[in-house]
1. Filter Lys47/Lys132; Lys57/Lys132; Lys132/Lys193; Lys113/Lys174; Lys43/Lys113 down to the pairs with a C-alpha to C-alpha distance above 28 Å, please.
2. To make sure I understand, if each residue's beta carbon is the centre and we count other beta carbons within 10 Å, what order do Asp181, Asp162, Asp104, Asp136 fall in, fewest to most?
3. Restricting things to Cα coordinates, could you compute the convex hull volume per residue of the range 4-198 in Å³?
4. Pop out the ³J(HN,Hα) list for the range 79-95 in order, Karplus 6.51 cos²θ - 1.76 cosθ + 1.60 with θ = phi - 60°, rounded to Hz; leave Gly and Pro as x.
5. What chymotrypsin sites (Phe, Trp or Tyr not before Pro) does the range 48-118 have in DSSP loop regions with at most 14 other beta carbons within 10 Å?
Amino acid sequence: MRKFAILGGLLCLAACNNTRPAKMVLADNQNLLAVSQHTIQTKTPLKMTFSSNDQFKVSGPDTRMDFFNETPFRVSRAAFINEASAIMVHAETVEDGSGASNYDNLPVSDWPKTGFRSNGEICMTLGADDIKGEPDPEWLIDQGFDPLGSLVFGQYFLTTADHNHEVVVSVMLKVSDCDEDDNSSRYAALQSKLRVSEDVADRELETDRWSAFSAATLAQIYDLTYRL
């Protein structure tokens, strides 16, 4: 199970440890995400398209093999980014099929769509030492979003029933101070800028398959009834 952990104001990967094997960058044809000017689309069994407006640039995707609690994950990431905020999307698969992407212990969330789980947002203050060596915060800095300073942060997780595929949406908003009264409303406003839809083409394909199956079944029933 891979996620950011919030512990004593530290933003890091939950399973980071000194014995984690080295990460390996994968070729573009192994990406689990596809992007356009305003969209990020998953290419896993959890098929959906995230979109936003021209207030953000889309960065990514890139893909790596990584290990969390000694479990191999293929991890693709992309993000909607501006100087003040970022909405990051990860698509991940558990490469050994062990079902390690299990977030059933988290509360159900209706954002960004029904079925996600989350503990909600938290505000923290980050320094350079807090993110040193952590791939996602450092990648965000390279893409134009600097998470250092006061940050309102939340993560939202969706997994398949076998817990071998997951989508993670991470929301980050820079604020002047964690005690500001309008932090929650500004965070909600940022969330409202993300739209998510299911892959219509895939849904229509599944509908066509079911319709064909139903038609064939009815034909068999009709033929059997007629012969009787």
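Just so you know, all these numbers are worked out from the coordinates, no wet-lab data involved. Keep in mind the model is a prediction, meaning the values are calculated, not measured. Virtual Cβ from ideal backbone geometry, glycine too; neighbours counted across all protein chains shown.
1. Working: Lys47/Lys132 33 Å; Lys57/Lys132 25 Å; Lys132/Lys193 30 Å; Lys113/Lys174 24 Å; Lys43/Lys113 18 Å.
Lys47/Lys132; Lys132/Lys193, as the Cα separations exceed 28 Å there.
2. Values: Asp181 6, Asp162 13, Asp104 9, Asp136 19.
If I rank by nearby Cβ atoms, fewest first, I get Asp181, Asp104, Asp162, Asp136.
3. Details: hull volume 23.0 nm³, N = 195.
Taking only Cα atoms, the range 4-198 has a hull volume of 118 Å³ per residue.
4. Using θ = phi - 60°, the values come out as 7, 8, 9, 9, 5, 9, 7, 8, 10, 9, 10, 10, 10, 9, 10, 8, 6 Hz.
5. Working: sites: Phe50, Phe56, Phe67, Phe68, Phe73, Phe80, Tyr103, Phe116; in loops: Phe56, Tyr103.
Passing both the DSSP loop test and the Cβ count: no residue.
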